[in-house]
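> My questions all concern the structure below.
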Amino acid sequence: MSHSVLEVKNLSKTFGTHLVLQDVSLTVNPGDVTSIIGSSGSGKSTFLRCINLLETPTSGQIIFHGDEVTAPGFDAPSYRAKVGMVFQSFNLFNNMTVLDNCLVGQTKVLKKDKKDAQDMAMMYLERVGMAPYINARPSQLSGGQKQRVAIARALAMEPEILLFDEPTSALDPEMVGEVLDVMHDLAGSGMTMLVVTHEMAFARDVSNHVVFLSDGLVCEEGSAEEIFGNPQQERTREFLARYMAR
Amino acid sequence: MKFINDILKIITEYGSSYLTGAGNTLLLALIGTVIGCIIGFAVGTVQATPLPEKGGKRVLMRIVRGILRGYVEIFRGTPMIVQAVFIHYGMFYMGLKPAIWFSGILVVSINTGAYMAETVRGGIMSIDQGQFEGAKAIGMTHNQTMINVILPQALRNIIPQIGNNFIINVKDTAVMSIIAFMDLFSIHKSVVGSNYLYFPSAVLTMAIYLTMTLVSSVLLRWWEDKMAGDANYDIVNTKDTLAQTSGLYRAKKKEAKR
């Protein structure tokens, strides 16, 4: 297991007296696509945000290639540069064009030169089908387009693992497809992904590991076939039944 | 008829003095606002920086913030006319011999800076938290986030307030006559001191101030529109290499301008 990209051990997070996550553990190996499912408020997003330190875990360990991320004095910015994140609300930089959004991290954080950064940005924008829009500003794009740019921005950093925090939840149904297509394609290319999602079909088809969180606890985890085909826990069955009934 | 004759008399006799005064007023307001904005950005940015979680740095930041807070409260809470006397004659008292322009710019700058600090802090707070998180998530440090993402957006949001401050400064630099700064109002005072044409000179002075502020308003609006960026964008057809390079060419031109 020493070759895992990311290992989370007994992660807990409290906001005040409210316990959001309790003893959550997870191992992510290279090329894994892990989906985290569960109802709203179950702690899925908080878990993901703890992983790249947007939230500080209350206790537990996060280990990235053997380095303890949660250790005091850890260099969070250079760690985050290797762990991409795609947000529910896109969070594209509103003061920059599409192209600049994909360049700024490369030039300022990775200190790459303009030419290389531009080639990299164009490659990924091409891949998500947003290359024609390099001169547009985020406010001029649709939600699905914004999210595809956000994915290209994350990819341009060449992260070792990509976190998705409900990437399609803010999109209308027509646009969900275009973003899921991109994610499908990425998963197929061997990208290591950790996806918090309400898209059960996507989780079932794409992930090789599924974690069902309930009230801040890992209620059940296993392969996609196990969780969706033959869930063991009553709570998991209830949750999935409600989704399938939709 | 007498009124028009008086006005014409003032213009023919002292016209160039009024223009010089107006020029000094504008220059003082402009320099004071620019330096004030720089002070405001520095102070406001420090005030909006989250405190480090641990030890020595946190204490240091607290002290720095306390001092800056004191600066803001003192210069926002006292009249600029009193600040002018306090600083200008204060320097003389301490054996310095500041030039009038130096004192004038100093007073207007630090007074504007105190207001701008709060404006900038408000501008930073108005930026969606997602912008900070987006920047953090690609590995930017706090300073990189501020410089590349937050402050450019905050600047755009506070342009109307910068304009406000500039227009206030055009008018309020009139109090600098107290330290014998030769602004427009000082000219008015010295002219009426010799010919007692209080009302005609006041009308002329009012008209010049109003012209300056109205022109400023128009220019500020133009700047605001310019900062809003293009309303349209070109679709770049990536199958067509010529179109693609022209798209990149525009992006490169923008970079070169920076």
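Only the coordinates and a few stated rules stand behind these numbers; no lab work does. Remember, it's a predicted structure, so these values are computed and weren't measured experimentally. Heads up, the Cβs are rebuilt from the backbone with ideal geometry, glycines too, and the neighbour counts pull from every protein chain shown.
> What net charge do the residues around B:ASN164 carry, taking every other residue with its C-beta under 14 Å from that of B:ASN164, with Lys and Arg at +1 and Asp and Glu at -1? Don't jump to the answer; show the numbers that get you there.
On the way: positive: B:LYS171, B:ARG221; negative: B:GLU118, B:ASP172, B:GLU224.
Charge balance near B:ASN164 sits at -1.
> Explain nothing, just compute: Karplus ³J(HN,Hα) = 6.51 cos²θ - 1.76 cosθ + 1.60, θ = phi - 60°, for every residue of the stretch A:114-123 in order, whole Hz, x for Gly and Pro.
3, 4, 4, 4, 5, 4, 4, 4, 5, 4
> May I ask what percent, to the nearest 5, of DSSP beta bridges between residues of the protein assembly as shown are antiparallel?
Of those bridges, close to 55 percent are antiparallel.
> Another question about this same structure. Under the Karplus relation 6.51 cos²θ - 1.76 cosθ + 1.60, θ = phi - 60°, what is the ordered set of whole-Hz ³J(HN,Hα) values for the stretch B:30-43, x standing for Gly and Pro?
5, 4, x, 5, 5, 5, x, 5, 5, 4, x, 5, 5, 5
> Also, quick follow-up: Taking square-rooted eigenvalues a ≥ b ≥ c of the alpha carbon gyration tensor, is chain B rounded, prolate or oblate, where a/c under 1.5 means rounded and, failing that, a/b exceeding b/c means prolate?
Working: a/c = 3.24, a/b = 1.48, b/c = 2.19.
Note, shape of chain B comes out oblate.
> Also: Give the average over all directions of the projected area of the C-alpha convex hull of the stretch B:14-96, one decimal, in nm².
Taking the Cα atoms of the stretch B:14-96, their convex hull projects to 8.0 nm² on average.
> Another one. With 17 Å as the cut-off, how large is the P(r) tail for the stretch A:139-191, expressed as percent of Cα-Cα pairs? Provide the component values of the computation, followed by the final result.
Working: 444 of 1378 pairs.
Of all Cα-Cα pairs in the stretch A:139-191, 32 percent lie more than 17 Å apart.
> If you take every residue apart from A:ALA187 with its C-beta less than 13 Å away from the C-beta of A:ALA187, what net charge results, scoring Lys and Arg +1 and Asp and Glu -1?
On the way: positive: A:ARG204; negative: A:ASP32, A:ASP181, A:ASP185, A:GLU199, A:ASP205.
In short, -4.
> Here's a follow-up. How big is the convex hull of the Cα atoms of the stretch B:156-216, per residue, in Å³?
Values: hull volume 4.6 nm³, N = 61.
Convex hull of Cα atoms, per residue: 76 Å³.
> For chain A, what's the relative contact order in percent, using C-alpha pairs closer than 8 Å and at least 6 residues apart? Each step should come with its number before you reach the end.
On the way: 445 pairs, mean separation 64.2, N = 246.
For chain A, the relative contact order is 26 percent.
> Right, another one. Which distance in Å, rounded to a whole number, links the C-alpha centroids of the stretch A:226-246 and the stretch A:1-68?
Here the two parts' Cα centres lie 23 Å apart.
> A further question follows. When the Karplus curve 6.51 cos²θ - 1.76 cosθ + 1.60 is applied with θ = phi - 60°, which whole-Hz ³J(HN,Hα) does each residue of the stretch B:61-72 get, with x for Gly and Pro?
With the stated coefficients, the stretch B:61-72 comes to 4, 4, 5, 4, 4, x, 5, 5, 4, x, 4, 4 Hz.
> Next question, about the same structure. Amide H to amide H under 5 Å from A:THR14: which residues, 5+ apart in sequence or cross-chain, H placed 1.01 Å off N in plane?
Answer set, sorted by chain and number: A:VAL20, A:THR58.
> Using the Cα gyration tensor of the stretch B:118-248, with a ≥ b ≥ c the square roots of its eigenvalues, what is the shape: rounded (a/c below 1.5), prolate (a/b larger than b/c) or oblate (neither)? All intermediate terms of the calculation are to be shown ahead of the outcome.
Numbers: a/c = 4.52, a/b = 2.22, b/c = 2.04.
Cα axes put the stretch B:118-248 in the prolate bin.
> From the residues B:GLN153, B:THR78, A:GLY60, which one has its Cα farthest along the dipole of the protein assembly as shown in the positive direction, the dipole being from +1 and -1 charges on Cβ of Lys/Arg and Asp/Glu about the Cα centre?
With unit charges placed on the Cβ atoms, the residue in question is B:THR78.
> For the stretch B:18-73, run through the trypsin sites (Lys or Arg not before Pro) and keep only the ones in DSSP coil with at most 16 other Cβ atoms within 10 Å of their Cβ.
Answer in residue order: B:LYS54.
> Also, quick follow-up: How compact is the stretch A:6-245 by the rule of thumb for globular proteins, expressed as Cα Rg over 2.2 N^0.38 Å?
Computed over Cα atoms of the stretch A:6-245, the ratio equals 1.01.
> At q = 0.25 Å⁻¹, what log₁₀ I(q)/I(0) does a Debye calculation on the Cα points of the stretch A:1-99 give, no solvent, two decimals?
Debye output, listed in q order: -1.50.
> Follow-up question, since we're still on this one. Suppose we take every Cα in the protein assembly as shown and form the convex hull; what volume per residue is that in Å³?
207 Å³
> With +1 on each Lys and Arg Cβ and -1 on each Asp and Glu Cβ, how big is the dipole of the protein assembly as shown about its Cα centre, in debye rounded to the nearest 20?
For this selection, approximately 2200 debye.
> So, one more: Using the alpha carbons of the stretch B:69-140, what is the convex hull volume per residue in cubic angstrom, as a whole number?
So the per-residue Cα hull volume is 127 Å³.
> Taking chain B as the reference, fit the longest principal axis to its C-alpha atoms, fit the long axis of helix B:184-195 to the helix C-alpha atoms, and give the angle between the two in degrees, 0 to 90, nearest 10.
The two axes meet at around 0 degrees.
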